[in-house]
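Below is one structure, written out as structure tokens, with a few remarks after it.
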Amino acid sequence: MLQKRSILLSGHATSVALEAEFWVVLDSVAAHLTLSRAGLMKRIDERRGRTPLASACRLLALAWASGDRTFADD
């Protein structure tokens, strides 16, 4: 089941709907980077290029869960 979260990005309100399992991993990423969820979403948004935001979130969560921490390098 999708869980929708509302966030403010670049002054615009938006929402992201992801499965609960992805939110769990993204919350872990945010904690590791000492970012709020909004801060993490901002960082993902800045790096996603033309990839849809929800897809970029899922890709980060999958990479992180598999041990890839390159997102944390910046």
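The values are calculated or read from the model by the stated rules, or taken from the named source; none is laboratory data. Note that the coordinates shown come from a computational prediction; the quantities given were computed from them, not determined experimentally. Every residue, glycine among them, receives a Cβ derived from its backbone with ideal geometry; neighbour counts consider all protein chains shown. Keep in mind that these areas ignore ligands, DNA and RNA; they rest on the heavy atoms of the full protein, side chains included. Shrake-Rupley method; radii C 1.70, N 1.55, O 1.52, S 1.80 Å.
The table that follows gives values for the structure above.
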{"item": "Ranking by accessible area, most exposed first, for M1, M41 with a 1.4 Å probe", "result": "M1, M41"}
{"item": "Given charges at beta-carbon only (K, R positive; D, E negative), |dipole| of the chain in Debye", "result": "220 debye"}
{"item": "Structure-based [θ]222 nm, the chain - -39500 (n - 2.57) summed over DSSP H runs of at least 4, per residue, nearest 500", "result": "-15500 deg cm²/dmol"}
{"item": "Modelled FRET efficiency - R0 30 Å, A72 with S6, Cβ distances, 0.05 increments", "result": "0.75"}
{"item": "Within the chain, percent of DSSP bridges classed antiparallel, to nearest 5", "result": "100 percent"}
{"item": "Of all accessible heavy-atom area on the chain, the percent that carbon and sulfur account for (1.4 Å)", "result": "54 percent"}
{"item": "Separation of alpha-carbon centers, the range 12-33 and the range 44-74, rounded to whole Å", "result": "11 Å"}
{"item": "Option label - Cα Rg over 2.2 N^0.38 Å computed here, alternatives (1) 1.56; (2) 1.70; (3) 1.01", "result": "(3)"}
{"item": "R0 of 22 Å, Cβ-Cβ distance S55-T34: FRET efficiency to nearest 0.05", "result": "0.30"}
